[in-house]
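Everything on this sheet refers to the single structure shown next.
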């Protein structure tokens, strides 16, 4: 009966349905229902006539504008299916029913030539990362081709190929709706909310299996890569910003783990926290994964808008399933939309992107997009599968080999990464917020880097009653009423006199210093404070984006994470300027921290997972400012 239902749907050109195979399940879920397009996430109809409903949703990238971020508007619909039928089909029986004939491609190629894409990479590294606009950015291009068979037939053919040949995907899926068909195998659960627990799964680092399959030796080389390791740390930092915005306990990280798939292996962490928010609000606050956008998120959207040739459609958005639960609310399961093929009127599109960081090689990033596109096309059988790269066992070796994640050398190399990270985010944080500054209030001024959510979470653990306010919204009366003002980090050049954001931060910093009111200035705001004190600002020779350093902070060495392109700089050996104490690099003169009458500042991000001594140093600086 259930398989015949799928046959009925596939024979009806007007029918809409979704197929989902979840990792580890032996059935495929079939969802059918009415298609409803809505404007906003808040409009997703979780209840109709007072009755909770199950809703499947495709969230396009343009929806990020709900967070106040920029995006090209291509009109891709926020598409909902109000589920009236949810069946479970045996996977083995379904494989026998789905089409198997190959779907040939014609006129295949990238919409942006290799040399042009390499040029975009160079520009982003020099003009965006090099000017302090952020730590990393994902710029995508599309592999496109034509097919001669019906779009629905192609989608079901490729869905079958993924079921048969792909492994390790979080969701393998096919979405068939009028004008929009998608089929893919997403490795990543972007955000899940069940029973008041929110989980995010940052994945970064892509190891393409060599001929003969992955081995301990080849995987160790990948895991030892500084670039791949730092990319993952930066992604975890970015997703912890989101977790701190939606979870009362900020979020705890566990891992790292290996995500082993047929042709690729990734590294990943898991983040978990508690939240009482509506799942639509959770989804809004976590749009979208930094693995396919960049960080800081708001500026990443602006960089994407400047450098990508066309709108993103659903690429880097999410598929979301809202399911009624016993508590009267809805659980949320939302994988990221990558490794996905889109079909429309006989045309195929496979969007792929490369993560650009300060030490990216443009031609290496070109190669990465080729590898990702080939991985998708090979997985669906649109091009020859690399059966050699899929091999996982040495035919000459006796017995069955353990998964690489269980190899003692690999496991030790993975676990050793956490020695670099802050215990604050690795350990349970508890609910006791009666810290040393209990009874005091603080306003954190957000300068377009949501590191402020993590910073606010840490300040609450120190006992402060914290409110986050955007730089454009906070007024002087609020600033004057707060026991402590924390002027936050943000992207950009602190010397930019044309920026209204920089101008407002200058006003915030000056107002507190002039009044002798407690102030803590972080990163960009530290640079602005330095400039006000007459300390020169200069760009670094190489940006410190996602860099961990042990630096002197007023008599103590502290391991801190840095995300800066500019620095305040004094003559090496300087320990004070006027009445202000200076902690600076003894050789370069780069200023790491300042202390004056009722103010303190720090160049690094004490809230970052890279700041092993972050919470300790934060307490010291706040204590000085409030003294």
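Yes or no, residue by residue, for (1) modelled with pLDDT under 95; (2) farther than 30 Å from residue 524 by Cβ; (3) not assigned by TED's automatic domain parsing to the domain that holds residue 367:
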site	(1), (2), (3)
213	yes, yes, yes
243	yes, no, yes
254	yes, yes, yes
259	yes, yes, yes
264	yes, yes, yes
289	yes, no, no
For region 425-436, state whether one or more residues are part of a strand (DSSP E or B) and under 30 Å from residue 301 (Cβ atoms). no
Just one listed residue, out of 464, 459, 413, is touching a residue at least 12 places away in the same chain (Cβ under 8 Å), crowded, with 23+ Cβ neighbours inside 10 Å and farther than 20 Å from residue 560 by Cβ, and it is 464
Among the residues of region 480-497, is any surrounded by fewer than 17 Cβ atoms within 10 Å (Cβ to Cβ), touching a residue at least 24 places away in the same chain (Cβ under 8 Å) and assigned to a helix (DSSP H, G or I)? yes
When restricted to 618, 610, 606, 540, the only residue at pLDDT below 95 and under 22 Å from residue 233 (Cα atoms) is 540
_Looking at region 567-577, can you tell me whether even one residue there is under 14 Å from residue 529 (Cα atoms), crowded, with 24+ Cβ neighbours inside 10 Å and under 32 Å from the mean Cα position of the chain (by Cα)?_
yes
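When you check residue 546 against the structure, is it within 25 Å of residue 243 (Cβ to Cβ) and modelled with pLDDT of 95 or more, yes or no?
no
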Answer yes if at least one residue in region 336-357 is surrounded by fewer than 24 Cβ atoms within 10 Å (Cβ to Cβ), in the same structural domain as residue 151 (by TED's automatic domain parsing) and free of Cβ contacts under 8 Å to residues at least 40 places away in the same chain, and no otherwise. no
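Looking at 188, 166, 148, 133 in this structure, which one is over 21 Å from residue 336 (Cβ atoms), buried (at least 20 other Cβ atoms within 10 Å of the Cβ) and assigned by TED's automatic domain parsing to the domain that holds residue 101?
Just one listed residue meets the conditions, 133.
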Here the residues within region 239-252 that are under 30 Å from residue 222 (Cα atoms) and surrounded by fewer than 24 Cβ atoms within 10 Å (Cβ to Cβ) are 252
On the basis of being under 15 Å from residue 613 (Cβ atoms), in contact (Cβ under 8 Å) with a residue 12 or more places away in the chain and in the same structural domain as residue 620 (by TED's automatic domain parsing), does residue 566 make the cut? no
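Can you confirm whether residue 126 is free of Cβ contacts under 8 Å to residues at least 12 places away in the same chain, under 30 Å from residue 156 (Cα atoms) and not assigned by TED's automatic domain parsing to the domain that holds residue 490?
Against the criterion (free of Cβ contacts under 8 Å to residues at least 12 places away in the same chain, under 30 Å from residue 156 (Cα atoms) and not assigned by TED's automatic domain parsing to the domain that holds residue 490), residue 126 does not qualify.
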Flagged in region 510-524 as farther than 17 Å from residue 441 by Cβ and either surrounded by fewer than 24 Cβ atoms within 10 Å (Cβ to Cβ) or modelled with pLDDT under 95 (or both), in numbering order, are 510, 513, 514, 516
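This table checks each residue for (1) outside any strand (DSSP E or B); (2) within 22 Å of residue 422 (Cα to Cα); (3) in contact with a strand residue (DSSP E or B) (Cβ under 9 Å, 6 or more places away or on another chain); (4) without any contact (Cβ under 8 Å) to a residue 60 or more places away in the chain.
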site: 529; (1), (2), (3), (4): yes, no, yes, no
site: 538; (1), (2), (3), (4): no, no, yes, yes
site: 541; (1), (2), (3), (4): no, no, no, yes
site: 561; (1), (2), (3), (4): no, yes, yes, no
Taking region 597-616 and keeping residues surrounded by fewer than 23 Cβ atoms within 10 Å (Cβ to Cβ) and either within 27 Å of the chain's Cα centre (by Cα) or within 18 Å of residue 464 (Cα to Cα) (or both) leaves 598, 612, 613, 615, 616
inquiry  = Residues that are in a helix (DSSP H, G or I), touching a strand residue (DSSP E or B) at 6+ places or on another chain (Cβ under 8 Å), surrounded by fewer than 22 Cβ atoms within 10 Å (Cβ to Cβ) and at pLDDT 90 or above: does region 306-324 have at least one?
reply    = yes
Going through region 193-204 in order, the residues found to be outside any loop (DSSP other than H, G, I, E, B) and crowded, with 22+ Cβ neighbours inside 10 Å are 193, 198, 200, 203, 204
By my count, strands (runs of 3 or more DSSP E) wholly in region 1-83 with at least 1 residues that are within 22 Å of the chain's Cα centre (by Cα) and surrounded by 15 or more Cβ atoms within 10 Å (Cβ to Cβ) are 17-22, 55-59
(request) Look at residue 239 and say whether it is assigned to a helix (DSSP H, G or I) and at pLDDT below 80. (result) no
The correct count of residues that are closer than 25 Å to residue 215 by Cα and not in a strand (DSSP E or B) in region 252-298 is 3
Would you say residue 510 is assigned to a loop (DSSP other than H, G, I, E, B) and within 21 Å of residue 598 (Cβ to Cβ)? no
In region 580-616, residues that are in a loop (DSSP other than H, G, I, E, B) and out of contact with any strand residue (DSSP E or B) (no Cβ under 6 Å at 6 or more places or on another chain) total 9
Kindly indicate whether residue 619 is over 33 Å from the mean Cα position of the chain (by Cα) and either part of a loop (DSSP other than H, G, I, E, B) or in contact (Cβ under 8 Å) with a residue 12 or more places away in the chain (or both). no
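The values are calculated or read from the model by the stated rules, or taken from the named source; none is laboratory data. Since the structure is predicted, the reported quantities are computational estimates derived from the model, not experimental observations. Methodologically, a virtual Cβ is constructed for each residue, glycine included, from the backbone with ideal geometry; neighbour enumeration extends over all protein chains shown.
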